[in-house]
Each structure stands twice: as structure tokens, then as C-alpha cells.
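Student: Here you go, one structure.
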Amino acid sequence: MATTLFTQNIIACIWDFDKTLIPEYMQSPLFRRYGVNESNFWAETNSLVEHYRQRGYHLSSEIAYLNHLLTYVLAGSMPKLNNKILRECGASIKFYPGLPQFFDRAKSFVAEKEIYRKHEIQLEHYIVSTGLAEMIHGSAIASFVEDIWGCEFIENPLQPGFLKQKEMELSAEAEIAQISMVIDNTTKTRALFEINKGTNKNPAIDVNANIAPEDRRIPFQNMIYIADGPSDIPSFSVVKKGGGKAYAVHNPARTDEFAQNDRLRQVGRIDHYGPADYTETSSTSHWLKLHIHSMCDRIVADREAAVASRVSRPPRHLNSTPEEEAAKRASKGPKQASFLE
């Protein structure tokens, strides 16, 4: 008997990281550890594309900062930088007020009504970032999320001829040397489709496979995408087009970020915006709770309508007038047992 792949009773909050969950760039603790001037690093990174263009090279701006980190390692400015150190630096990341506690509180929103619990509605958190995945894994928020997408590095890359070697030499002093994964503002949308189709839960499902909407694990209409600005427009658009919600946050101390969010709302890129404050009484917390409940209500309505449309009513007696019932009893004599009652 044919069945659907998933029950579609899951809501996903999908989060950007830098300037959305934290007020600074996540690499700040890394720069402090090595005594690297952060503003100088970013100034150099932002100039790389033009400088390399003048030398006849085409550099993708999305990987410029990753390449520059590797250059710092190679030049000895960040000696012996490896994934373990990146995780350790992640532990120093400071979050906006209300985090990470909001993540658990949001999960309780879908259990506040008996009807939500009856339909076993769940909420999952995901982080999709152009930052460093290892640092996010080492941060205080990692244990609260279902999955993390971010940029990654390879330590001690395999050397030519490695397929013919029976044993590989292991180095105790591992050091990042190559880029293994790049997440940029466009490929973030691929992560959204992986969450949508359930690829991250079932590797047998290819993200490029043609899957019917009713067979996808988390429909876009069950998603809320939360980020800080224009760089996330591709992801905002994918979620909104699918019927989900797009919410932008700003640093409460930055009027320019507030104005930027307002412009995004005016042109229809987002549904709403608010301060990056996730405490229980904040407007952002209230908005997210309101729309998580709205999604719960729609899931309940859709599932109960599906039951009503697919389950036939049991046979029952037709209504008769009292006179007709009396006439029937008189004509039948003593009452006989009925297995339909």
C-alpha cells in the first residue's frame, strides 16, 4: 500500500548566525587568540577580489575570507590552526540576550495546546551560515540545534599516491590546509531544500530528486527563516515563495540596521522585523511564538481535514417521524437484535 514519506507535522526555525544570533562576527575570538587585528583582516579580505583582478585572476568573493585565513596560517600568523582550535574558539562566542534559552522555549510552544500534542507537532532549529561550522559546533548553541551548515576546512590533505598506500601517516600537529565546504548566500538555498526534502535525515534522498510536495519532510510553509539583512534575500525569497515566513533582526543599538530592515519589509522581502533580543518579553519572541502557533493551527486543520475526506461515515438508520416508527414497530412484532446498532 502506498504511503507518504513523512507526516509533515514538523516546523523548522532556520537561523543565520553572524549578526542574527550574535552581535559580532564569529571569527572575533579566533583573531583575539592569535593577536590578529580583526579590522585589518576584513579590510584585506574586502580588497582581495580587486587586487587579484588587477593581477589577472578571478576570485570568488564568497571564498575570499576562507582563502585569506589559509594564507594567514601558511604565513605563520595563525600557526597550527586546526579544527580543534576552531571549536575551542567557538566556546567563547557571545550571544544576543535570551540565547540559547529561546531555542528550548520555542520547542515548548508546539506543546502548549492539547490538540498540538495530539498531532505530535514538533519544532526543529537549524543554522545555515557562511561562517565556520566548527566554531558553531563549539558554541553554546550547538546542542540546541538539529543540524548546522557552514564552511569547513581539511587538515593534512591526502598526498599524491594515497590510494596505493596501505597506511597513512598521521600527524600530531594537524593544520588546516584546504577548503572542504563553502556555504555562501546563494548555496544557503540548497540547505533549505535539503531540510525541505529530508535529505539531511535520509541520505538516500537526493536534494535534486523530484519529490512531490506531500512527500517532503518539512514543507516550506512550515518554515521560518530568521536573518539580519540583504545578504539573505535569496533564502528569504525561497521560504516566502513556498508559503513560509521571513523575519529580519537588527542590533537594537544600530539605527542603520533598523532602517535596512524597514526597507526590506517595504519591498516585500520579509514579513516583519524586530530587535535581536530573544528574551521572553521581547517583540521578536512574541512574533515568533505567534507565527509558530499559527503554523501549528494550520497543521492541525490540514491533518483533520485529510482524515475527514478519507474516512467514510459508518452506516446508520435513516431518520423517521414518530408515527412512522410506531407503525414499523407494530408491523414487526417483538423486536429482533440488530448488529448495525
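Throughout, read-outs are computed from the coordinates displayed, never taken from laboratory work. Note that the structure is predicted; figures quoted are calculated from it, not measured. Positions of Cβ are backbone-derived with ideal geometry, glycine not excepted, and every protein chain shown enters the neighbour counts.
Student: Taking the Cα centre of the chain as origin and charging only Cβ (+1 Lys, Arg; -1 Asp, Glu), how large is the dipole, in debye to the nearest 20?
Tutor: Approximately 1120 debye in magnitude.
Student: Okay, next question. Along each of the three principal axes of the Cα atoms of the chain, give the extent in whole Å, ordering the values from largest to smallest.
Tutor: Principal-axis extents of the chain (Cα, largest first): 105, 59, 36 Å.
Student: A further question on this structure: What does DSSP give for the chain in terms of the percent of beta bridges that are antiparallel, rounded to the nearest 5?
Tutor: Working: 4 of 27 bridges.
Here the antiparallel bridges make up roughly 15 percent for the chain.
Student: For the residue pair Arg32 and Lys80, what label-to-label distance in nm results when each label sits 7 Å from Cα along the Cα-to-beta-carbon direction?
Tutor: 2.2
Student: Compute the helix-to-body angle for 255-266: its Cα long axis versus the longest principal axis of the chain, expressed 0 to 90° and rounded to tens.
Tutor: It is inclined by approximately 40 degrees.
Student: When only Cα pairs under 8 Å and 6 or more residues apart are kept, what is the percent relative contact order across the stretch 247-303? Spell out each step's value before the answer.
Tutor: Numbers: 48 pairs, mean separation 15.8, N = 57.
Computed value for the stretch 247-303: 28 percent relative contact order.
Student: Please determine, in degrees from 0 to 90 and to the nearest 10, the orientation of helix 188-197 with respect to the longest principal axis defined by the Cα atoms of the chain, where the helix direction is its Cα long axis.
Tutor: The two axes meet at around 30 degrees.
Student: P(r) tail for the stretch 219-272, what percent of Cα pairs lie past 12 Å?
Tutor: I get 58 percent for the Cα pairs in the stretch 219-272 exceeding 12 Å.
Student: How would the stretch 243-303 be classified by its alpha-carbon gyration tensor: rounded, prolate or oblate, with rounded meaning a/c under 1.5 and the a/b versus b/c comparison settling the rest?
Tutor: Numbers: a/c = 4.78, a/b = 1.65, b/c = 2.89.
Cα axes put the stretch 243-303 in the oblate bin.
Student: Does the stretch 40-111 classify as rounded, prolate or oblate by the C-alpha gyration tensor (a ≥ b ≥ c root eigenvalues; a/c under 1.5 gives rounded; else a/b over b/c gives prolate, otherwise oblate)?
Tutor: Prolate shape, in that a/c is at least 1.5 and a/b is the bigger ratio.
Student: Taking a quarter of the surface of the Cα convex hull of the stretch 115-185, what do you get in nm²?
Tutor: If I average the Cα hull's projected area over directions, I get 8.7 nm².
Student: For the stretch 185-258 and the stretch 4-42, write down the distance between their C-alpha centroids in whole Å.
Tutor: 16
Student: For the stretch 260-274 and the stretch 96-167, what is the separation of their C-alpha centers, rounded to whole Å?
Tutor: Comparing the Cα centres of the stretch 260-274 and the stretch 96-167, I get a distance of 27 Å.
Student: Continuing with this model, one more query. Arranged from highest to lowest average of other beta-carbon atoms within 10 Å per residue, in what order do the peptides 134-143, 300-309 appear?
Tutor: 134-143, 300-309
Student: Between helix 283-310 and the chain, what is the angle of the helix's C-alpha long axis to the longest principal axis, kept within 0 to 90° and rounded to the nearest 10?
Tutor: 40
Student: Work out Dmax and Rg for the stretch 1-145 from the C-alpha atoms and quote the Rg first, both in angstrom.
Tutor: So, for the stretch 1-145, Rg and Dmax equal 20.2, 65 Å respectively.
Student: Additional query: Between beta-carbons, use under 12 Å as the cut-off and find the net charge around Lys188, counting Lys and Arg +1, Asp and Glu -1.
Tutor: -4
Student: Specify whether the C-alpha gyration tensor of the stretch 147-268 places it in the rounded, prolate or oblate class, a ≥ b ≥ c being the square roots of the eigenvalues: rounded for a/c under 1.5, otherwise prolate if a/b is larger than b/c and oblate if not.
Tutor: oblate
Student: For Thr187 and Glu304, compute 0.36 nm times the residue count separating them, minus their Cα-Cα distance, and round to one decimal in nm.
Tutor: Value of the extension gain: 38.5 nm.
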